[in-house]
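A.B. asks: Dumping the structure here so I can ask a few things about it.
The values are calculated or read from the model by the stated rules, or taken from the named source; none is laboratory data. Here the structure is a predicted model, which means the values were calculated and not measured. Backbone-built Cβ (ideal geometry, glycine too); neighbour counts: all protein chains shown. Each accessible area value is taken on the protein alone, full model and side chains, heavy atoms only, with ligands, DNA and RNA left out. Shrake-Rupley method; radii C 1.70, N 1.55, O 1.52, S 1.80 Å.
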Amino acid sequence: MAYGGTVTVPRLPPARSPLIGRERESAMLRGYLQRPDTSLLTLTGTAGSGKTRLALDAAIKSQNEFADGAFFVDLAPVLEPELVSATIAQSIRLREEPGRTFEESLFDFLQDRDVLLVLDNFEHLLPGAPQVGALLNNSPGLKVLVTSREALRLRDEQEFPVSPLLLPDPQRLLPPGELAQIAAIELFVRRTSP
């Protein structure tokens, strides 16, 4: 097979910043990923709510529980829903083989593996969701963690809504020390500080 025995790619990107205000949600996600009845977990929420950072934290902290590791697939630049499987295959460095589709190679690769796939920014590719369903049906050891503004609407999907971090009440004046302990303020300060 073109992919060989082991895939040697950076599987998950490193976290560029600490997780702020989402520790409880990350622990909940890791709990879901450990459950045998969870195969597809979709984080839904508005743009900028922190879905990607939360999914990445949960995946990094869970990757050792998957014998064959975890892979991050950025779907933001993909324009055509029919390219979902090919993009996943390319992200884990599977090569195209003569007479075989990327989807067939991906099915073969994942069939007997214990893997976590993180599919980021799925919302504009929802018509391609059946490809994810086909991968899950063909790969008993596969778990998929998706970020999207909308659920994929696949069988056995568990939706995990991600709300924006809470802001302080504008009607209540807080001292600077208390204000700095609010997660949304802490995140803002970290992002705007040089």
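A.B. asks: If you scan segment 41-69, which residues turn out to be over 10 Å from the mean Cα position of the chain (by Cα) and hydrophobic (A, V, I, L, M, F, W, C)?
C.D. replies: Within segment 41-69, 47, 60, 66, 67 qualify.
A.B. asks: Further question on the same structure: Identify all residues within segment 104-130 that are out of contact with any strand residue (DSSP E or B) (no Cβ under 6 Å at 6 or more places or on another chain) and open to solvent by 30 Å² or more (accessible area, probe 1.4 Å); write none if there are none.
C.D. replies: Of the residues in segment 104-130, the ones out of contact with any strand residue (DSSP E or B) (no Cβ under 6 Å at 6 or more places or on another chain) are 104-109, 111-114, 121, 124-130.
Those that are out of contact with any strand residue (DSSP E or B) (no Cβ under 6 Å at 6 or more places or on another chain) and open to solvent by 30 Å² or more (accessible area, probe 1.4 Å): 104, 107, 108, 111, 112, 113, 114, 121, 124, 126, 127, 130.
A.B. asks: Let me ask something else. Out of all the residues in segment 111-164, which are charged (D, E, K, R) and over 14 Å from residue 74 (Cα atoms)?
C.D. replies: Of everything in segment 111-164, those that are charged (D, E, K, R) and over 14 Å from residue 74 (Cα atoms) turn out to be 112, 113, 114, 143, 149, 150, 153, 155, 156, 157, 159.
A.B. asks: Just to be sure, is residue 94 crowded, with 19+ Cβ neighbours inside 10 Å, part of a loop (DSSP other than H, G, I, E, B) and not charged (D, E, K, R)? Let's see the steps before the verdict.
C.D. replies: On the way: crowded, with 19+ Cβ neighbours inside 10 Å: yes; part of a loop (DSSP other than H, G, I, E, B): yes; not charged (D, E, K, R): yes.
So residue 94 fits the description; yes.
A.B. asks: Scan segment 110-154 for residues that are in a strand (DSSP E or B) and over 10 Å from the mean Cα position of the chain (by Cα) and report the count.
C.D. replies: Residues flagged as in a strand (DSSP E or B) and over 10 Å from the mean Cα position of the chain (by Cα) within segment 110-154 amount to 3.
A.B. asks: May I pose another question? Go through segment 42-64 and give me each residue that's open to solvent by less than 10 Å² (accessible area, probe 1.4 Å) and out of contact with any Phe, Trp or Tyr (no Cβ under 8 Å at 6 or more places or on another chain).
C.D. replies: 49, 54, 55, 58, 62 - these are the residues of segment 42-64 that are open to solvent by less than 10 Å² (accessible area, probe 1.4 Å) and out of contact with any Phe, Trp or Tyr (no Cβ under 8 Å at 6 or more places or on another chain).
A.B. asks: Touching a residue at least 12 places away in the same chain (Cβ under 8 Å), of a type in the set (A, V, I, L, M, F, W, C) and in contact with a Gly (Cβ under 8 Å, 6 or more places away or on another chain) - does that describe any residue in segment 80-99?
C.D. replies: yes
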